[in-house]
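The values are calculated or read from the model by the stated rules, or taken from the named source; none is laboratory data. What you see is a predicted model; the values in this text were computed from it and never measured. Please note: Cβ atoms are built from the backbone with ideal geometry, for glycine as well, and neighbour counts cover all protein chains shown.
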Amino acid sequence: MKTLVVYLMAGAETPALAAAAARGGADIIEIGFPFSDPLADGPVIRRAAERALADGMRTAACLECVAETRKRVDVPIVPMTYASLLEAYGYERFALDAGAAGAASLIVADLPVDSHPEVRRIQLVAPTSTDERVSLAGERTDGWLYLVSLTGTTGARESLSTEAESLVRRARRLTGVPLFLGFGISTPDHAAAAARIADGVVVGSRAVETAAESPEALLEYVASLRGALDAASAG
Amino acid sequence: MTFDGWFGEYGGRFVPETLVPALDELATAWHEATDDPSFADELDVLGREYAGRPTPLTLAERFLPGKRVYLKREDLLHTGAHKLNNALGQAVLARRLGKARIVAETGAGQHGVAAATVCARFGLECVVYMGEEDMRRQRPNVERMGLLGAEVRPVDFGTRTLKEATSEAIRDWITHVRTTHYLIGSCVGPHPYPTIVRELQAVIGREAREQFLAAEGRLPEAVLACVGGGSNAIGLFAGFVDDSDVRLVGVEAAGAASLASGRPGVLHGARSSLLADADGQIEDAHSISAGLDYPGVGPEHALLRDSGRADYVTATDDEALAAFRRLAETEGIIPALEPSHALARVANLEAEIVLVGLSGRGDKDLDEVLARA
């Protein structure tokens, strides 16, 4: 079984969308807590963050969104955000309150592995990461390692990055934790290609776009990824 | 490396993992360069033979009769602003790193012009991100960058000013990090940038201190400079920070007072004092001066504020405009709107012998100023 992680931006519709994603076969739901200046994100998630902020999705509302989503789905929920929110809220308090709302862990896109080790979180590594940093991220990560499949920001690409395979191979050698590939993965073909080398995939921008259409569209999209992943694991 | 990138509780590195190895590489290259006398020699020659260093120190006798106000004339530097000091140094550094592509952000366009200039001089590819609002109000600089062979990419979302331009430049760097050097324009950003930019701008303070001693036989009572990101101020202050009798005063735009009214937060890779709300969301800055229209500030300024070594005050758009006109009419010098904020605070300062950093010239601002006549 390959793990399918689906990213949604926090908002009023998120609990219903998360339920649709889970029915479609998502194993983990990431909930984006929007930040005004998201350096790791491409245009789709940046615009979604702008809309969410305009709708008043500040930290307290996002935590409430996690709690509401928790009531609707059984799969793990992982907030993904930026350090500025934790600076303002308090790092440990943020982690505690997210946990109390029902979050299983946390991802902070601009907090390198050597910063704030007291906040246990899912660590990210990139094709540019040194072996030493991949090892450290493997040691410190919370459950699985988020492999950034390309040098770039979030957003759909034509094909799975050629850098992904060598990063997976390197990470396998350096750590024993499950490896999930994200950034640039949007189609069932990408997901299948990623699943052949990694233990799971993360889809963000295309999920956010599909979620903007309807829960049904999201369910259908997630189901198509699920099918591709299952076929890849069976093959 | 003995310095870890923290200025007290400010600074650090808050960036996506993709950039961390490049920042380590940059820190190492910087360290090696500063240990290598040929790096300093190369910058010295470029400064004298290309940029026009040393820049003069001018006594502004008619600007404020009764006080002895000296201007450190970075407006007379090639390209018309202090930004070239940093751009030249980082271009030499980029060549040492083997990077042939430069990406930069710009607000007023002065840093963009400096980046485009050094890229033309060294044969490097140059991409400059600039907010659409700033492209409108600093049109001459957009045209200069084009003539110099740089590609100016408009940023059409969010504030359409320096904050978004900086974010887009960093996103470009994330995407092209292996081939590209990010030529940041101020003493902001993740470690080691605030240190690199301070050291490259410290030439302003070194020269000014020596010139001031030669002119007055003593040090100034106070040193003033405008602060947006804070690079000309940190460079000027660097010459006097160890002279405990010399007051250091940074002047922010009243609508962009990250130090006077900000709170700790994280923006563009560093923890500093920012205009942000209680949830850590960055707020919009407002200033007539595109170069000061930024909700963040270099982390070292936040430390200088907290330690009490420097004071940070503000000037309004109208006060800056009045000082702009007064300097033009009394001294025959048209300053940029940015240092006009520092000029605006000299009159009511309790000091008679004063040094002001005149960080740039005002040609780029004529449309903006004349529109408010």
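What to note about this one:
- Count of residues meeting criterion [of a type in the set (A, V, I, L, M) and surrounded by fewer than 24 Cβ atoms within 10 Å (Cβ to Cβ)] in region B:206-247: 8
- Cβ separations smaller than 8 Å between residues 6+ apart or across chains give the following pairs from region B:164-175 residues that are within 7 Å of chain A (Cβ to nearest Cβ) to residues that are assigned to a helix (DSSP H, G or I) and of a type in the set (S, T, Y): B:I174/B:T18.
- Verdict on A:A12 being surrounded by fewer than 21 Cβ atoms within 10 Å (Cβ to Cβ), of a type in the set (G, A, S) and assigned to a loop (DSSP other than H, G, I, E, B): yes
- Residues in region A:116-130 that are within 11 Å of chain B (Cβ to nearest Cβ) and either crowded, with 23+ Cβ neighbours inside 10 Å or in contact (Cβ under 8 Å) with a residue 12 or more places away in the chain (or both): A:H116, A:Q123, A:L124, A:V125, A:A126, A:P127, A:T128, A:S129.
- If only residues of region B:20-57 that are under 23 Å from B:T179 (Cα atoms) and aromatic (F, W, Y) are counted, the one that is surrounded by the most Cβ atoms within 10 Å (Cβ to Cβ) is B:W30.
- One residue from B:T161, B:T195 being within 14 Å of chain A (Cβ to nearest Cβ) and touching a helix residue (DSSP H, G or I) at 6+ places or on another chain (Cβ under 8 Å): B:T161
- Annotation: A:V66 fulfils all but one of (1) closer than 19 Å to A:I185 by Cα; (2) crowded, with 24+ Cβ neighbours inside 10 Å; (3) more than 14 Å from chain B (Cβ to nearest Cβ); the unmet one is (1).
- Put simply, of B:L292, B:L236, B:L219, B:L224 the only residue that is modelled with pLDDT under 95, within 23 Å of B:L71 (Cβ to Cβ), hydrophobic (A, V, I, L, M, F, W, C) and outside the structural domain of B:G131 (by TED's automatic domain parsing) is B:L292.
- Test: residue in region A:89-109 that is surrounded by 17 or more Cβ atoms within 10 Å (Cβ to Cβ), within 11 Å of another protein chain (Cβ to nearest Cβ) and farther than 24 Å from A:P15 by Cα: no
- Residue that is more than 24 Å from B:A351 (Cβ to Cβ), small (G, A, S) and within 14 Å of chain A (Cβ to nearest Cβ), where the choices are B:G262, B:G291: B:G262
- Residue in region A:68-117 that is nearest to the chain's Cα centre (by Cα), counting only those that are of a type in the set (D, E, K, R) and closer than 16 Å to B:F14 by Cα: A:D110
- Considering region B:270-373, there are no qualifying helices (runs of 4 or more DSSP H) wholly inside with 2 or more residues that are surrounded by 18 or more Cβ atoms within 10 Å (Cβ to Cβ) and among the basic types (K, R).
- Any hit, region B:341-351, residues being closer than 19 Å to B:Q138 by Cβ and touching a residue at least 12 places away in the same chain (Cβ under 8 Å): yes
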